[in-house]
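*Asks:* Have a look at the structure that comes next, please.
The values are calculated or read from the model by the stated rules, or taken from the named source; none is laboratory data. As the structure is a computational prediction, the values presented were derived from the model and not from experiment. Counting neighbours? That spans all protein chains shown, and the Cβs are built from the backbone with ideal geometry, glycine included. Protein only, heavy atoms only, side chains kept; ligands, DNA and RNA dropped before computing areas. Shrake-Rupley method; radii C 1.70, N 1.55, O 1.52, S 1.80 Å.
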Amino acid sequence: MEFLSDSVIQVDSFITLTLGIIVLFIGIKITARIRFLQKYNIPEPVTGGIFASLAALALYLVGGWEVEYDLFTRDVFLIYFFTAIGINARIAQLLSGGKPLLLLLGLTLTYLVIQDTVGYFSALAIGQPGGVGLLVGSAALAGGHGTAIAWAPTIAEAQGVTNALEIGVAAATIGLVIASLIGGPIASFLLSRHKLESEEDSKLLVGIEYDKEERTSITHLNIMGSILIIHVAMIFGYMLNEILAEMGLKLPLFVSCMMIAILMTNTIPMLFKKVSWPAGSNALAIISDFSLGLFIAMSLMGMQLWEVADLAGPLFFLLAAQVAVTVLFILFVVFPVMGRNYFAAVLSAGFAGFGLGATPTAIANMSAVAKSHGPSPTAFIIVPLVGAFFVDIANSFLLQFFLSL
């Protein structure tokens, strides 16, 4: 930890990781004590992360200190998580998810068009450049912080939005919080109204169900074995990412690692039948849950809410419009089209996650629902594929189109 000035506290990556674990534990404890959070499937790391960000805001308001975290380890855990998801992805499940995958892809592309249309014309309606609406649209919401940061200079230059970066980061930050808070309640509403229950007999891909104690099968050997396989997949995923980048195809590193993990899990167990493979194991589920929880907790605890407050007014109007459209789209389009069943309800929680936040938020929302109500493995396979891969590609074309208007 280092004091850069009288008002800035910079926290190094190791202490940030340690604080992230503490924040995750705080979220678990708070959620366990407050029935409301459990009832509406609010993810535990979200509870802890918001608590930590509010504590940082209090520190800023009382003493004028700004806390800045080194989030390197957070991004490593994101890669851990998606690699573990890939290890659980069997070809049979991917094939069974073929039709739902195509339906979700079509719905997502439709939603992105609606999101940017609402953002663009809502911004014009309140006297702001259309580019501001794009930032508070698919650039920052469906795209997340990375896309917002990448597109901010282009929007600033094209439409003279001098504070485009600040608007994009603020929108992505608030969107992440909203996405974490509305996904669970949407699923709870749908499950209750339609009296839906999981019909799957499989284990959870992330974490262990709240009402089941299956930890006896977790040993130091299968934990270490799972971590080793994750690391091997990450190494080859990094190599694949470099090769694709040289070919002109730029993908997030976690997507390349997930692709390698899918390849490994569908070849190695068949070629080497005596190898103990972690797919579907409680050990891998715990590692997935821990990695995702840390990523979300560290992301939210790193929010600098005092900067968001400076951009109030038009920003919150645009966000309110996007939230309203997203909820209506999920209830009246996503849920019916995806089948009006338990899978569709879980997927609805995930759609809120990546529609307003990011793919990890979608998985956290679905994981919170699945822990309470039962597994839905297909949802956990198709959401990362759509949210982490297709959204980025579609975004680049859509944003360019709207900027040319």
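*Asks:* Tell me the relative contact order for the chain as a rounded percent, counting alpha carbon contacts under 8 Å between residues six or more apart.
*Replies:* So the answer I get is 30 percent.
*Asks:* How would you rank 277-289, 374-386, 259-271, 130-142, highest first, on the average number of other Cβ atoms within 10 Å across their residues?
*Replies:* Listed from highest to lowest mean packing, they are 130-142, 374-386, 277-289, 259-271.
*Asks:* Over every pair of different alpha-carbon atoms in the stretch 287-341, take the mean of 1/r and invert it; report that Kirkwood radius in Å.
*Replies:* Evaluated over the stretch 287-341, this radius sits at 14.3 Å.
*Asks:* Please work out the average accessible area per residue across the chain, using the 1.4 Å probe convention, and give it in Å².
*Replies:* Using a 1.4 Å probe on heavy atoms only, each residue of the chain averages 44 Å².
*Asks:* Beyond a 25 Å Cα-Cα separation, which of these cross-linked pairs lie in this structure: 195/371; 39/195; 99/250?
*Replies:* 99/250
*Asks:* Using 0.36 nm per residue of separation minus the Cα-Cα distance, give me the extension gain between residue 245 and residue 192 in nm, one decimal.
*Replies:* Difference between extended and current length: 14.5 nm.
*Asks:* Radius of gyration and Dmax for the stretch 307-405's Cα atoms, expressed in Å?
*Replies:* Answer for the stretch 307-405, Rg first and Dmax second: 15.3, 46 Å.
*Asks:* On to the next question. Please pull out the direction-averaged projected area of the stretch 256-374, using the convex hull of its alpha-carbon atoms, in nm² to one decimal place.
*Replies:* Mean projected area for the stretch 256-374: 10.2 nm², to one decimal.
*Asks:* Of all the accessible heavy-atom surface of the chain, with the other protein chains kept in place and a 1.4 Å probe, what percent is carbon and sulfur?
*Replies:* Carbon plus sulfur share of accessible area: 67 percent.
*Asks:* To the nearest 10 degrees, how steeply does helix 164-194 sit against the main Cα axis of the chain, on a 0 to 90 scale?
*Replies:* It is inclined by approximately 50 degrees.
*Asks:* Starting from the Kirkwood radius over alpha-carbon pairs of the chain, derive D by Stokes-Einstein at 10 °C in a medium of 1.306 mPa s and give it in µm² s⁻¹.
*Replies:* Calculated translational D: 74 µm²/s.
*Asks:* Let me ask something else. Report, largest value first, the span of the C-alpha coordinates of the stretch 130-199 along each principal axis, in whole Å.
*Replies:* Principal extents (Cα only, largest first): 51, 17, 17 Å.
*Asks:* Against the longest principal axis of the chain, how steep is helix 359-373, in degrees 0 to 90 to the nearest 10, with axes from Cα atoms?
*Replies:* Taking the Cα atoms of the chain, the angle to 359-373 is about 50 degrees.
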